[in-house]
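The next block holds one structure in the form of structure tokens; read it before the comments.
The values are calculated or read from the model by the stated rules, or taken from the named source; none is laboratory data. Please read all numbers here as calculations on a predicted model, not as lab measurements. So basically every Cβ, Gly included, is an ideal-geometry build from the backbone, and we count neighbours across all protein chains shown. In case anyone asks, the SASA skips ligands and DNA or RNA and just uses the protein heavy atoms, side chains included. Shrake-Rupley method; radii C 1.70, N 1.55, O 1.52, S 1.80 Å.
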Amino acid sequence: MRLPTACLVTLLTSSALSLSGCGGTQAAELLVTGDSKDIHERPEDAPPNSPKRPALLVLALDGVGRDLLYDMLKQGELPEMARLLGGKGSDYAHAYFDERYLSTLPSSTAVAWVTAFTGVPPAEHGLAGNEYFIREKRQFAAPVPVTFHNPEPVLATYTDQYVNKLTLAPSVYEQMRERDPHVSIWVAMHQLHRGADRLLVTDRAVLADAFKAFLEEQITEKLARKDSKAVYSALDEQVIETVVEELSDEDDPVPDVLTIYLSGTDQFAHVADIGPDKARRKYLKDEVDPLMKDLREALQARKALDNRYVVITADHGHTEVMDDDEHALAMDDEDDPPGVLLKAGFRLRPFQLDVSEEHDFNAVLAYQGAMAYVYVADRSTCEKEGKACDFARAPRFKEDVLVAAQAFYDANQSGKYVKGMKGTLDMVLTRKPKAPREQDEPFQVYVGGGKLVPVERYLAANPHPTYVDLDERLRDLAVGKHGERAGDVLLIANNGNRETPEERYYFSARYRSWHGSPSRQDSEIPLIVAHPGRTSQQLGAQVKTALGDEPYQQKLSSLLLSLRLGERAARKRLNAQARRE
């Protein structure tokens, strides 16, 4: 079985795995006990927290769709999570369940969470996907690698601020601190933690290169066991254990804002042979829900739930796919998307994190599950093999961009270049390119022969009932000062638009489930807000005001600011930010 790279950090931090010869006693101790790291220096004369405002607990669940979570809560299958929300059975008098909230596009981990915790769309914060290309730096960024298996960037998120550095907009924590400078913020294992006081991790001292051989040699055998769920649950257990241990120190004030990220539900869904819906239901019930009791009791022991909003949300849903080479549009030069570019005359960047500055590639592929980004250079700057291309320049539309778009269009229509690509794509999108930092044009649907059709008009003629707000969410992804990071050509696989796994394709190595599409199944995500002193109606009014008419994922920051600071103060802060932008 293949290792999902997004799961590497789980396996690196799992106490269930033997560490013999792979890091020594100190690393093993960190794996078992967890650790915390102060990442914000508070002035010596500053109070330890800011308790006069309502506190926040944000529970960030990876890979949990709205319908699944809401059904389990209302059917009584998650009794401990219900208690955390103040619910009894199906009665949630002090909780509001939003029915409109949508993931960003692509509906995938890294881009979704950064969007949620900055309050701006990908074209503004610059982190365009699980992996993407930064043209002006010729840098391949991979907060959650898909096209290669290297734990380095995953670990660097916790050891070297990797996602923090890639994110080009203030986090919601930084925004809170501007208005409330003494706020105390803890973040447990979440990728974006810039502006927090304390990062709680299970594994910050372990370096990727020390464990690379261990991963490659032993993980496959571990995951092949029948109960692979235990491997994924180890991290979630340790995350909560670390939080509970920190909360138990009565000399340390409880944080005003506590964000906890639990990744196991998503990881198990990718590989479980029972399918993503049954896998997530089982994981939430067996693994996540018992942890909610430990968390609730630790907070109650400190009287830290009396005036605290509990917010539960997720990043994306899941769609079942076939675990075979036919449906996995992977990285093979002959039979997969790379073959299309190579046979159309492009020189493709290797699938690895770093390449030489002198490498002469003139095309780049980045995978997002149900979507893929294609970047091309102005090939007039590097016609001869061996000459590095200038990607800081915009490519030529006709000679570079349309050549790549036509190649994928033909491959999809007739199997030209790569027979196995025929019928795999729902849409090929492109646009006239802009140089980095210029305002990018929206993507349009490429229909062959150099012709482009606006997305809205194309959908009117070719209805996609399973897609939700495709045009608007594509604009959030690709129209802005960093919109070029979504590529020159964007491919959407036949995935979320198809009814059965046998009809679905995905950009990655083989798995049993993926996400990233514009479909409701991948995009409709939970947003639950609870407070013991508020009715569900009052909470609903707060949520609806924050989300407005476009209930997209970036609105989570607006909501958290309004819950913490009050609607008026949050609105003033957001207006000031908009003026600066």
Completion exercise
With a 1.4 angstrom probe the carbon and sulfur portion of accessible area for the chain, in percent, totals 45 percent
Fill in the blank from the handout: Per the rule of 0.36 nm per residue minus the C-alpha distance, extending residue 550 to residue 250 adds in nm 103.8 nm
Practice task
Post the alpha-carbon centroid distance, the stretch 260-297 to the stretch 358-379, in whole angstrom.
Solution key: 34 Å
Handout entry: Candidate lysines for bridging to residue 165, where Cα separation is under 21 Å - those fewer than 8 sequence places away on the same chain excluded
Key = 37, 137, 481
Problem - Cα centroid of the stretch 92-142 to Cα centroid of the stretch 148-180, whole Å - result: 13 Å
Exercise for the section: Provide 358, 320 ordered by accessible surface of protein heavy atoms (probe 1.4 Å), highest first. Expected result: 358, 320
Problem - Eligible lysines near residue 285 by straight Cα distance, threshold 20 Å, same-chain separation 8 or greater - result: 74, 88, 226, 229, 293
Problem - Cut-off 11 Å between beta-carbons: net charge of the residues surrounding residue 56, Lys and Arg +1, Asp and Glu -1 - result: +2
Handout entry: Whole-Hz couplings from phi, Karplus 6.51/-1.76/1.60, listed for the stretch 48-65; x for Gly and Pro
Key = x, 7, 9, x, 6, 9, x, 8, 10, 10, 10, 9, 9, 9, 8, x, 10, x
Fill in the blank from the handout: Options (i) 180; (ii) 236; (iii) 145 for volume of the Cα convex hull per residue in Å³; the value derived from the coordinates is listed as (iii)
Problem - Subset of 398/451; 343/419; 343/422; 384/416; 282/544 violating a 20 Å alpha-carbon distance limit - result: 384/416; 282/544
Problem - Environment charge of residue 533, counting only residues whose C-beta is closer than 11 Å and scoring Lys/Arg +1, Asp/Glu -1 - result: +1
Exercise for the section: Give the percent of DSSP beta bridges with both residues in the chain that are antiparallel, rounded to the nearest 5. Expected result: 65 percent
Exercise for the section: At 18 Å minimum axial length over the Cα atoms and a Kyte-Doolittle cut of -1.0, report the qualifying DSSP H helices in the chain, or say none. Expected result: 208-223, 229-247, 289-301
